[in-house]
Amino acid sequence: MSLSQIAKSISASPTLKLNEKAAVLREKGEPVIHLGGGEPKSKVPMDAILATAAHLNTAEIRYAPADGIPALKKAIINYTEEFYNRRVAPENVIASGGAKQAIMVALQAILNPQEEVVYPAPYWVSYPEMAKLCGAIGVAALPEDGSFYPRIQDIEQRVGSYTRAVIINSPNNPTGAMYSEEFISDVVQFCEKRDLYLIMDDIYHRLIFDGKKPINCYNYTKDFSENSKIILINGVSKQYAMTGFRIGWAVGNKKVIEAMSNIQGHQTSGPSILLQKAAVGALNGVQSSVENLRVTLENNRNVMMDLLNSFEGVKVSKPDGTFYCFADFSAYEKNSNKLSEFLIDKVMVLTVPGAEFGLEGHLRLSYCGSIKEITEGIERMKWALDPNSPNELYIGERKLVRNWS
Ligand SMILES: Cc1ncc(COP(=O)(O)O)c(C=O)c1O
């Protein structure tokens, strides 16, 4: 079949593919444990539900402006003021179909074919594919010191004459690492000096642990004018457990936001009015659900760390935020795809292979599920991987026999 070069270069989202695999197994009644998930399990805030229901009840569900309804823009402006101490205008804001679309249209607005966008590795799986969708090239910068905390030299080394933008995602998917203030300050100043766009993917910025405070990139900029090349990304998916609502946003200079709106207008138009109303409800409503979620995730992280630290052969660094950790299983198997397949086949535990995030030998494990799932999932993995495990494992009534070494 004849397909475009771009279509042929794009691989399916591995996390979405895994979700499908888990769903198929579950439908067959298999006791799958999903440690690959990318969404919190808590309920959507009631204010979001009520706001959607109120609009639905009007029975007049129409097109929304391509860049977002005024009420959502206002809520995003207030959010930006509260968390970033920066007052922006409605023309500095675009609401999109998830943070994913906000990043995508930002890249489409700033990248020409063959130009490059640099991001630290491990990285979110979609960045390289989004660059490809622009005909551009994603360039991963793996920290030289082997940690998950890049230094500015790691970025500098990857920036060349074709580089137009840098993407920073902190706290990071998949590692949970929250980059230091020093690094954020360095990267803001470096991008300003080199006239590069800086896309700050702050989607997890409120889901952080150990008393840490969100880092505000604007604290380090000298440029508050309409020439600022910082594009700030956020959304309701993670912090309000509203992944299915598909609302994210970007804050940037008026020209880039206008370009993004033009692109989005021809792509999808604005996000559904119902979902924009829901986001307004969440942003303007009672905020306790965010802190409840954060506390639950911190507790879940602690449980997962205890379990992994007692797992001989596994190396893991403690995440500062998000709901992921990125553990090194290379002592068992260096090929993370193989390992992930092995775990789903033998013990029905779903994990995401590190190779998808640009680092082999690792697995991304999520702790956004229940404590029971986390505990049982890691126990099953231990049983499957540790050669000293007993020969048999019971999952409910089912007996698994270890017939591999
Ligand atoms: C780092 C990162 N950025 C952006 C997104 C996209 O979020 P949304 O659901 O708002 O599109 C995700 C979702 O997994 C993510 O992990």
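The values are calculated or read from the model by the stated rules, or taken from the named source; none is laboratory data. None of these values were measured; they are calculated from a predicted model. Glycine gets a Cβ as well: all are built from the backbone with ideal geometry, and neighbour counts include every protein chain shown.
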Out of all the residues in the range 69-79, is one or more within 16 Å of the ligand (Cβ to nearest atom), of a type in the set (D, E, K, R) and closer than 18 Å to Pro271 by Cβ?
-> no
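Looking at Gly313, Gly281 in this structure, which one is touching a residue at least 24 places away in the same chain (Cβ under 8 Å), crowded, with 23+ Cβ neighbours inside 10 Å and more than 16 Å from the ligand (Cβ to nearest atom)?
Numbers: Gly313 fails: crowded, with 23+ Cβ neighbours inside 10 Å.
Unique residue meeting the criteria: Gly281.
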Looking only at the range 115-124, decide whether some residue is surrounded by fewer than 19 Cβ atoms within 10 Å (Cβ to Cβ) and either assigned to a helix (DSSP H, G or I) or out of contact with any strand residue (DSSP E or B) (no Cβ under 8 Å at 6 or more places or on another chain) (or both).
-> no
If a residue has to be more than 19 Å from Asp328 (Cα to Cα), away from the ligand (no atom under 16 Å from the Cβ) and of a type outside the set (Phe, Trp, Tyr) to count, how many in the range 141-172 make the cut?
-> 13
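What about Val105, is it assigned by TED's automatic domain parsing to the domain that holds Ile69, more than 15 Å from Gly358 (Cα to Cα), assigned to a helix (DSSP H, G or I) and not acidic (Asp, Glu)? Lay out the reasoning, then the answer.
Values: assigned by TED's automatic domain parsing to the domain that holds Ile69: yes; more than 15 Å from Gly358 (Cα to Cα): yes; assigned to a helix (DSSP H, G or I): yes; not acidic (Asp, Glu): yes.
Considered against the rule, which asks whether it is assigned by TED's automatic domain parsing to the domain that holds Ile69, more than 15 Å from Gly358 (Cα to Cα), assigned to a helix (DSSP H, G or I) and not acidic (Asp, Glu), Val105 comes out as yes.
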Somewhere in the range 206-226, is a residue free of Cβ contacts under 8 Å to residues at least 24 places away in the same chain and under 24 Å from the mean Cα position of the chain (by Cα)?
-> yes
Quick one: in the range 23-43, which of the residues that are more than 16 Å from the ligand (Cβ to nearest atom) and surrounded by 16 or more Cβ atoms within 10 Å (Cβ to Cβ) is farthest from Cys368 (Cα to Cα)?
-> Leu25
In the range 355-393, how many residues are in contact with a strand residue (DSSP E or B) (Cβ under 7 Å, 6 or more places away or on another chain), closer than 15 Å to Asn172 by Cα and among the hydrophobic types (A, V, I, L, M, F, W, C)?
-> 3
For Lys277, which of the numbered conditions (1) farther than 30 Å from Ala64 by Cα; (2) among the basic types (Lys, Arg); (3) touching a helix residue (DSSP H, G or I) at 6+ places or on another chain (Cβ under 6 Å) fails to hold?
-> (1)
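How many residues does the range 280-302 hold that are touching a helix residue (DSSP H, G or I) at 6+ places or on another chain (Cβ under 7 Å) and closer than 16 Å to Pro40 by Cα?
Residues of the range 280-302 that are touching a helix residue (DSSP H, G or I) at 6+ places or on another chain (Cβ under 7 Å), as a first pass: 280-286, 300.
Checking which are closer than 16 Å to Pro40 by Cα leaves us with 282, 300.
So the answer is 2.
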Output the number of the condition that Leu133 fails; it satisfies all remaining conditions of (1) within 16 Å of the ligand (Cβ to nearest atom); (2) buried (at least 23 other Cβ atoms within 10 Å of the Cβ).
-> (2)
All conditions in (1) in a helix (DSSP H, G or I); (2) surrounded by fewer than 21 Cβ atoms within 10 Å (Cβ to Cβ); (3) not assigned by TED's automatic domain parsing to the domain that holds Leu363 are true of Ala75 except (2)
Sole miss for Ile94 among (1) under 19 Å from Asn234 (Cβ atoms); (2) in a loop (DSSP other than H, G, I, E, B) is condition (2)
If you take the residues in the range 284-330 that are over 20 Å from Gly146 (Cβ atoms) and hydroxyl-bearing (Ser, Thr, Tyr), which one is farthest from the chain's Cα centre (by Cα)?
-> Ser310
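Across the range 355-385, which residue is surrounded by the most Cβ atoms within 10 Å (Cβ to Cβ) among those that are of a type in the set (Gly, Ala, Ser) and within 21 Å of Pro143 (Cα to Cα)? Even if it seems obvious, please write down each step before you answer.
Let us first name the residues in the range 355-385 that are of a type in the set (Gly, Ala, Ser), namely 355, 358, 361, 366, 369-370, 377, 384.
In the following step, the residues that additionally are within 21 Å of Pro143 (Cα to Cα) were identified as 355, 358, 361.
Details: Ala355: 19, Gly358: 21, Gly361: 19.
Filtering the range 355-385 for residues that are of a type in the set (Gly, Ala, Ser) and within 21 Å of Pro143 (Cα to Cα), the one surrounded by the most Cβ atoms within 10 Å (Cβ to Cβ) comes out as Gly358.
Here is a yes/no grid of residues against (1) farther than 21 Å from Val105 by Cβ; (2) in contact with a Lys or Arg (Cβ under 9 Å, 6 or more places away or on another chain):
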| site | (1), (2) |
| --- | --- |
| Ala121 | yes, no |
| Leu133 | no, no |
| Gln153 | yes, no |
| Ala165 | no, yes |
| Asn172 | yes, no |
| Glu181 | yes, no |
| Asp186 | yes, yes |
| Tyr197 | no, yes |
| Ile215 | yes, no |
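Taking the criterion of being touching a Pro at 6+ places or on another chain (Cβ under 6 Å) and within 18 Å of Arg206 (Cβ to Cβ), would at least one residue in the range 261-280 satisfy it? Before the answer, list the steps.
Quick first cut of the range 261-280, residues touching a Pro at 6+ places or on another chain (Cβ under 6 Å) only: 270.
Next, from what is left, pick out any that are within 18 Å of Arg206 (Cβ to Cβ): none.
No - not one qualifying residue is present in the range 261-280.
Hey, could you check the range 54-68 for residues that are out of contact with any Gly (no Cβ under 9 Å at 6 or more places or on another chain) and in contact (Cβ under 8 Å) with a residue 60 or more places away in the chain and say which is farthest from the ligand (Cβ to nearest atom)?
Of the range 54-68, the ones out of contact with any Gly (no Cβ under 9 Å at 6 or more places or on another chain) are 55-62.
Cutting the leftovers down to in contact (Cβ under 8 Å) with a residue 60 or more places away in the chain gives us 55-56, 61-62.
Numbers: His55: 21, Leu56: 22, Ile61: 22, Arg62: 23 Å.
Result: Arg62.
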Across the range 334-354, which residue is farthest from Thr175 (Cα to Cα) among those that are surrounded by fewer than 21 Cβ atoms within 10 Å (Cβ to Cβ) and without any contact (Cβ under 8 Å) to a residue 40 or more places away in the chain?
-> Asp345
Out of the range 92-122, which residues are more than 15 Å from the ligand (Cβ to nearest atom) and under 21 Å from Tyr63 (Cβ atoms)?
-> Val93
